[in-house]
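The values are calculated or read from the model by the stated rules, or taken from the named source; none is laboratory data. Worth saying up front: this structure is predicted, and the values here are computed from it rather than measured. With ideal geometry, Cβ positions are generated from the backbone for all residues, glycine too; neighbour counts draw on all protein chains shown. Accessible surface areas use protein heavy atoms only, side chains included; no ligands, DNA or RNA. Shrake-Rupley method; radii C 1.70, N 1.55, O 1.52, S 1.80 Å.
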Amino acid sequence: MQDTSAQSAAPEPARPLPRKAARLAVNRAALTHKVRYAIRHPDRITPYLRRTARDGWLRLKHRGDHVAYYRAVMAADTERDPRAAVGSRSHDRWLALGQMQFDYLIEHGLRPEHRMLDIGCGNLRAGWRFIEHLEPGHYYGIDISPDILISAKETLTAYGLQGRLPHLTLTGDLKLDFLPAGHFDVVHAHSVFSHSPVEVIDECLANVGRVLAPDGFFDFTFDRTEGREHHVLREDFYYRTETLVTLARGHGLTARFMEDWEKLPHGQSKLRVTRE
Ligand SMILES: C[S@@+](CC[C@H](N)C(=O)[O-])C[C@H]1O[C@@H](n2cnc3c(N)ncnc32)[C@H](O)[C@@H]1O
């Protein structure tokens, strides 16, 4: 797929806005941040403590296996509300977040004949739009959570997209070994690496080059920090851009910071990876 963007190769915006700069420096795992946050949002203390207890138990149960742990988190969250499980507080937000992902790739040249791999497709918040746009059989969604994939099938049915024959596959890792080489024009992972420890991202970057078509690209979002890298409850991970760019380079890939994504109302940043 032709990369039609005209982004700079600079890994970071030259001068981020002051408010954003402050947000990018925050360490959400630090006790001082937690105390300050609790004082500002007392109503969020009880839900946070509940989540901490639940996640602590799930981490103990699936010790050392992040995918099994996060699959259990998704099972519990999906049971309560599948839209909230993929990060949208309301149906309107769910629609808007899907539209934003779709519009971005359309602007970057996604055409019906392209083949797309959507890693961590969730319940097709954006996926249903890609499925509608692409030729039948050209959308391939994978996810670690059987619960969210059941919700994905419900989305597919609700939008009457059965005839587009998308592939929806459960996976336990990101080796991508069951997929054909050089096949996908676009590989996409939205709000997936924001929930992934570095070894999961590394596994994906080690293997994604094989499935990319020669002109293909891999877009992924991540929670960016310009301070210390950290995580919250091993649910949300914050990375410096250079860490991910260096990781990609180690697998013969070039990663480019997407400046135009920064203008959109979304808290995460985006990198585009291509084969060198
Ligand atoms: C925040 S949701 C986003 C879903 C979808 N990309 C969207 O934007 O609506 C993150 C999804 O990634 C999935 N996920 C998390 N880690 C994954 C991994 N290592 N491999 C595949 N899917 C993963 C989760 O199960 C969940 O469905």
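Is it the case, given these coordinates, that Asp185 is open to solvent by 10 Å² or more (accessible area, probe 1.4 Å), more than 20 Å from the chain's Cα centre (by Cα) and more than 10 Å from the ligand (Cβ to nearest atom)?
The answer is no for Asp185.
Which of the residues spanning the stretch 137-170 are closer than 11 Å to Ile119 by Cβ and crowded, with 19+ Cβ neighbours inside 10 Å?
The answer is Tyr140, Gly141, Ile142, Asp143, Ile144.
Give me a count of the residues in the stretch 97-121 that are farther than 12 Å from His188 by Cβ and open to solvent by 40 Å² or more (accessible area, probe 1.4 Å).
7
Does Ala84 count as within 14 Å of the ligand (Cβ to nearest atom), touching a helix residue (DSSP H, G or I) at 6+ places or on another chain (Cβ under 6 Å) and not β-branched (Val, Ile, Thr)? Show your work before the answer.
Details: within 14 Å of the ligand (Cβ to nearest atom): yes; touching a helix residue (DSSP H, G or I) at 6+ places or on another chain (Cβ under 6 Å): no; not β-branched (Val, Ile, Thr): yes.
For Ala84, the condition - within 14 Å of the ligand (Cβ to nearest atom), touching a helix residue (DSSP H, G or I) at 6+ places or on another chain (Cβ under 6 Å) and not β-branched (Val, Ile, Thr) - is not met.
Testing Leu124 on (1) touching a residue at least 60 places away in the same chain (Cβ under 8 Å); (2) surrounded by 20 or more Cβ atoms within 10 Å (Cβ to Cβ); (3) near the ligand (Cβ under 8 Å from one of its atoms), one condition comes back false. Which one is that?
(1)
Is there a residue being within 11 Å of the ligand (Cβ to nearest atom) and under 19 Å from Lys263 (Cα atoms) anywhere in the stretch 102-111? Quick ask: steps written out before the conclusion?
Pass one, the stretch 102-111, residues within 11 Å of the ligand (Cβ to nearest atom): 102.
Those left that are additionally under 19 Å from Lys263 (Cα atoms): 102.
Within the stretch 102-111, one or more residues are within 11 Å of the ligand (Cβ to nearest atom) and under 19 Å from Lys263 (Cα atoms).
Per-residue answers, yes or no, for (1) touching a Cys at 6+ places or on another chain (Cβ under 8 Å); (2) closer than 20 Å to Asp118 by Cα; (3) not basic (Lys, Arg):
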| position | (1), (2), (3) |
| --- | --- |
| Asp219 | no, yes, yes |
| Glu229 | no, no, yes |
| Ala248 | no, yes, yes |
| Asp260 | no, no, yes |
| Lys263 | no, no, no |
| Arg275 | no, yes, no |
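Farther than 30 Å from Thr171 by Cβ, among the hydroxyl-bearing types (Ser, Thr, Tyr) and either part of a helix (DSSP H, G or I) or modelled with pLDDT of 90 or more (or both): is that true of Thr32 in this structure? Quick ask: steps written out before the conclusion?
Working: farther than 30 Å from Thr171 by Cβ: yes; among the hydroxyl-bearing types (Ser, Thr, Tyr): yes; either part of a helix (DSSP H, G or I) or modelled with pLDDT of 90 or more (or both): yes.
Yes: the conditions hold for Thr32.
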